[in-house]
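Following: one structure in structure tokens, then a few remarks.
Each reported figure results from applying straightforward, stated rules to the coordinates on display, with no laboratory input. The structure presented is a predicted model; accordingly, all values stated were derived computationally and were not measured. Virtual Cβ from ideal backbone geometry, glycine too; neighbours counted across all protein chains shown.
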Amino acid sequence: MPVNLYNELRTLSPKVTGGLIRMREEAFKNAHVPAKYKILAALVAVVVTRCEPCIKAYTKMAFQAGVAQEELIEFLNVAIVEGGCPGEQWALKAFQTYKELQMGKEVKEEVCCKYKNTE
């Protein structure tokens with residue numbers, strides 16, 4: 001989606017459009033709970049709901065936040081338990097993304113609602 005199209009929609013709908021961006025920025029701040037654990041919790045949710053762009057994006061965010069492979073695996077185990085057999089298949093996508101990041105490969109971040117108002 002072109003940024004200029006998104007910005008036009010935000011201009012026409014400022015109270016609704018962009019809400020997820022603002023919520024994400026606030027929710028993933030370091031506070032009583034470190035940001036990396038909030039990101040891992042979000043990763044569990046997107047694995048269970050099967051959102052591939054978000055799986056890649058949250059895995060990348062986790063990697064950038066310094067999440068160790070062992071931490072990632074423990075949270076993916078939660079996703080597998082909650083998501084059943086399909087959860088295991090979607091958890092593999094997160095693990096693959098993490099391994100690619102470890103190897104220095106570029107992972108295209110495709111999180112939903114990624115555009116920010118540049119005005």
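What residue among 41, 92, 72 has its Cα farthest toward the positive end of the dipole of the stretch 3-102, where the charges are +1 on Lys, Arg and -1 on Asp, Glu, each on the Cβ?
Going by the charge dipole, the pick is 41.
Calculated FRET efficiency, residue 96 and residue 45, Cβ-Cβ r, R0 22 Å, to nearest 0.05?
FRET efficiency, residue 96 to residue 45: 0.75.
Taking the Cα atoms of the chain, report the difference between the largest and smallest coordinate on each principal axis, in whole Å and largest first.
43, 31, 30
Roughly how many nanometres apart are two label points built 7 Å out from the Cα toward the Cβ at residue 74 and residue 103?
If labels sit at residue 74 and residue 103, their model points lie 2.7 nm apart.
Among the listed pairs 60/108; 29/105; 38/105; 29/56; 36/105, which have their C-alpha atoms separated by more than 18 angstrom in this model?
As for pairs spanning more than 18 Å Cα to Cα, those are 29/105; 38/105; 29/56; 36/105.
Only four residue types carry charge here, +1 at the Cβ of Lys and Arg and -1 at the Cβ of Asp and Glu. Report the dipole size of the stretch 3-102 about the Cα centre in Debye, rounded to the nearest 20.
For this selection, approximately 360 debye.
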